[in-house]
Amino acid sequence: MSALAARGVRLNPDLRALKDVAAIVIAVKPQMAAEVLPALAPMIGASTVVVSIMAGRTLQFLSATLKSASALIRAMPNLPASIGRGITVAVPLGAGNAQRELADRLLAATGAVEWVEDETLLDAVTAVSGSGPAYVFLLAEALAQAGASAGLPRHLAERLARETVAGAGELLHRSTLDAAALRENVTSPGGTTAAALDVLMGQNGLVPLLKKAIAAATERSRKLAG
């Protein structure tokens, strides 16, 4: 506590004593927004930028609820932010260059940041990166189940699947090549990988299945946002 205080950090300060703050980050469940947001109004000044990472709460909602806020940013992070390897997509409304730069520095603390100007893109962002970690976990789960079905002991199949997905993800992260090139590099014509990819890349394979999944998640995000 003393170390934090020495750096100017105040834990649970009296909100009434805070005026014209540089930035406010809203990170609550969307169903709590109507209760929480009005209490923030006294802290918002002419230069304050409000950054929201609430799922489904639009810039229009934020503007209508926080009438005193002239600079708003809606952001969609994802789960790997918890280990500093996330990616966040942000869209601004009324934010100047300095306010965007401040918001970018705050969001970059958890990983990469991308900016868009069209808020409607956040529905697809939610479907791809927001929900995406669950798809990767499912891949590891399915790969382990398939390995066990092929005769591997369950614990070995799970270890192989876990480390393969994690290692391949790290290789993709470090490589300058795109995913397609990496896939091609590891696929020998007529080999075992090619035999599996003939199934996964078939007419009813992974690519069309993921397109359907992303479309379903995107549509659900639109409905949740109203």
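Quick one: what are the phi-derived ³J(HN,Hα) couplings along the stretch 163-179, Karplus 6.51/-1.76/1.60 with θ = phi - 60°, whole Hz, x for glycine and proline?
Ordered by residue, 3J(HN,Hα) equals 6, 5, 5, 5, x, 5, x, 5, 4, 4, 5, 7, 6, 8, 7, 7, 4 Hz.
Over the stretch 135-226, with a single point scatterer placed on each C-alpha, what log10 of the ratio I(q)/I(0) does the Debye formula yield at q = 0.10, 0.23, 0.24 1/Å?
Debye intensities relative to I(0), on a log10 scale: -0.36, -1.32, -1.33.
Would you mind working out the accessible area per residue for the chain, using a 1.4 Å probe, and quoting it in Å²?
Using a 1.4 Å probe on heavy atoms only, each residue of the chain averages 64 Å².
Per residue, what volume in Å³ does the convex hull of the Cα atoms of the stretch 1-83 enclose? Walk me through the intermediate numbers first.
On the way: hull volume 9.8 nm³, N = 83.
Enclosed volume per residue, from the Cα hull, is 118 Å³.
Below 8 Å between Cα atoms, with a sequence gap of 6+, how large is the relative contact order for the stretch 90-226 in percent?
Values: 66 pairs, mean separation 35.0, N = 137.
Answer for the stretch 90-226 is 26 percent.
Under a crude label model (7 Å from the Cα following the beta-carbon direction), how far is E141 from A108 in nanometres?
Here the answer is 3.6 nm between the modelled labels.
Across the chain, how many lysine pairs separated by 8 or more positions, or lying on different chains, have Cα atoms within less than 19 Å? Each step should come with its number before you reach the end.
Values: K19/K67; K29/K223; K211/K223; K212/K223.
Counting lysine pairs in the chain gives 4.
Show me, for the stretch 141-153, the HN-Hα J-couplings you get by feeding each phi into the Karplus relation (A = 6.51, B = -1.76, C = 1.60, θ = phi - 60°), rounded to Hz, glycine and proline as x.
5, 5, 5, 5, 5, 5, x, 5, 5, 7, x, 6, x
Using the Cα atoms as the points, what is the convex hull volume per residue of the stretch 21-144 in Å³? Don't skip to the end; give the middle numbers.
Numbers: hull volume 12.8 nm³, N = 124.
Given the Cα convex hull of the stretch 21-144, per-residue volume reads 103 Å³.
Calculate one ³J(HN,Hα) per residue across the stretch 201-214 by plugging θ = phi - 60° into the Karplus curve 6.51 cos²θ - 1.76 cosθ + 1.60, and present them in order as whole Hz with x for glycine and proline.
9, x, 4, 10, x, 5, 5, x, 5, 5, 4, 5, 5, 5
What's the center-to-center distance, using Cα atoms, between the stretch 107-153 and the stretch 70-101 in Å?
19
Please give the length that would be gained between R222 and M32 if that part of the chain were fully extended, namely 0.36 nm times their separation in residues minus their C-alpha to C-alpha distance (nm, one decimal). Show your work: numbers first, answer last.
Working: separation 190, 0.36 × 190 = 68.40 nm, distance 1.93 nm.
Between R222 and M32, full extension yields 66.5 nm more.
Please tell me the relative contact order of the stretch 13-90 in percent, rounded to the nearest whole number, where contacts are Cα pairs under 8 Å and at least six residues apart.
Working: 123 pairs, mean separation 21.6, N = 78.
Once normalised by length, the contact order is 28 percent.
Distances over 29 Å make up what percent of all Cα-Cα pairs in the chain?
Numbers: 10699 of 25425 pairs.
I get 42 percent for the Cα pairs in the chain exceeding 29 Å.
Can you give me the three principal axis dimensions of the stretch 51-118 from its C-alpha atoms, in Å, biggest first?
34, 25, 19
Report Rg/Rh for the stretch 91-134, rounded to two decimals, where Rg is the Cα radius of gyration and Rh the Kirkwood radius. Before the final figure, lay out the partial values.
Numbers: Rg = 11.8 Å, Rh = 11.7 Å.
So for the stretch 91-134, dividing Rg by the Kirkwood Rh gives 1.01.
The values are calculated or read from the model by the stated rules, or taken from the named source; none is laboratory data. Since the model is a prediction, treat every value here as computed from it, not as a measurement. Positions of Cβ are backbone-derived with ideal geometry, glycine not excepted, and every protein chain shown enters the neighbour counts. When the accessible area is computed, the model is the full protein with side chains, heavy atoms only, and any ligands, DNA or RNA have been set aside. Shrake-Rupley method; radii C 1.70, N 1.55, O 1.52, S 1.80 Å.
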